[in-house]
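Right, one structure below, let's go through it.
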Amino acid sequence: MFSVEASDTDMGRRVCTLASEAAAQLAQCHLPQLDRIKLQVVDHFAHIEGYCLGRYEVADAALKVSSPDIYPDLIEPDHAFSKIPVQQLFESIIVHELSHAILQQQSSDIPHCIANHEYIAYAMQMQSLSPESRQIIVDNAGNTTDVTLEHLNSFIAQAAPMKFAAWSWLHFSGPEGGCDFIEKLVSGEATLKLPND
């Protein structure tokens, strides 16, 4: 279900194993992989938003991730990601983008809403991190008490993605979240889309 392009065989094997394990976890959260996905580990790639750690290109059905070797050049020293071990961060980026890829394969009942997509991707990414690394991102978000669904909107997802990541995890790991909430987002029973989005 995956094809992997990487600079060396060991990296390719690691990425393929990680993607397979992540796909199995996503399937448990009601997101089964339906089609083949291409993963590419590249030295550098840019998007309209600038240089990227990772991105799923819908038109090519290809998931591109920057090599972990260049993460120190891409991540600002004061960014929360700079405090997470590079290999762990690299693996979590793959999980995040794979969530987008597999979400795109589902039936399109899910309302087109950035917050819906990013909630799922960040929840899965945060779940893949160690508790210590998750706490770094949560602490970086500042005041994280009383996170409600109103906090989880497309404006915050774009304007303050690390805050959105922390809030998504806090909701997902709480009593109203989990895979049951993701199932509701995928089915269209629930949405983070605001009335004026």
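The values are calculated or read from the model by the stated rules, or taken from the named source; none is laboratory data. These numbers were taken from a predicted model, which means no experiment stands behind them. Cβ: placed from backbone, ideal geometry, glycine included. Neighbour counts: every protein chain shown.
The figures follow:
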item	result
Residue list for the stretch 144-183, filter: closer than 21 Å to VAL95 by Cβ, charged (D, E, K, R) and without any contact (Cβ under 8 Å) to a residue 12 or more places away in the chain	ASP180
Extreme residue, modelled with the lowest pLDDT, among residues of the stretch 140-192 that are out of contact with any His (no Cβ under 7 Å at 6 or more places or on another chain) and charged (D, E, K, R)	ASP146
Residue list for the stretch 184-197, filter: touching a helix residue (DSSP H, G or I) at 6+ places or on another chain (Cβ under 9 Å), surrounded by 13 or more Cβ atoms within 10 Å (Cβ to Cβ) and free of Cβ contacts under 8 Å to residues at least 12 places away in the same chain	ALA190
Residues located in the stretch 57-101, provided they are touching a strand residue (DSSP E or B) at 6+ places or on another chain (Cβ under 9 Å), buried (at least 20 other Cβ atoms within 10 Å of the Cβ) and acidic (Asp, Glu)	GLU97
